[in-house]
1. Need the list of aspartates and glutamates near K83 for cross-linking: C-alpha distance under 15 angstrom, and skip anything on the same chain fewer than eight residues off.
2. Might you report the magnitude of the Cβ-based charge dipole of the range 40-93 about its Cα centre, with Lys and Arg at +1 and Asp and Glu at -1, to the nearest 20 debye?
Amino acid sequence: MNKVMNLFIIIILFINVFLLTSCNYHIHFLGEWLSNDSNHWKECVCGEKAYDEAHRYDDGTIIKEATCTMEGIKEYKCISCEKMKEEKIDKIS
């Protein structure tokens, strides 16, 4: 009985911590990450936002090396929502 109760408590805590956040009116169900160019967030069906913060990008990966005749491309991924952005790399002088 104690093992079943402990498992039940762990499941409830998991749901509260990772899937739901509460307010004074109802429990929010938060879906996938939404984003614009500067921020990302999760949104409840009621429209309230949670985890609204600026993108935090990784160190980037060079997709195309720069040469003396062509610009290169470096790609970055947000570590939270996985939004991608690209940056040009100047031609080699």
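1. Candidates past the 8-residue exclusion: E32, D37, D52, E53, D58, D59, E75.
2. So the dipole magnitude of the range 40-93 works out to roughly 100 debye.
Quick note: the coordinates plus some simple rules give every number you see, no bench work behind them. Bear in mind the structure is a predicted one, so any value in this text is a computation, not a measurement. Here the Cβ is made from the backbone with ideal geometry for all residues, glycine too, and neighbour counts use every protein chain on show.
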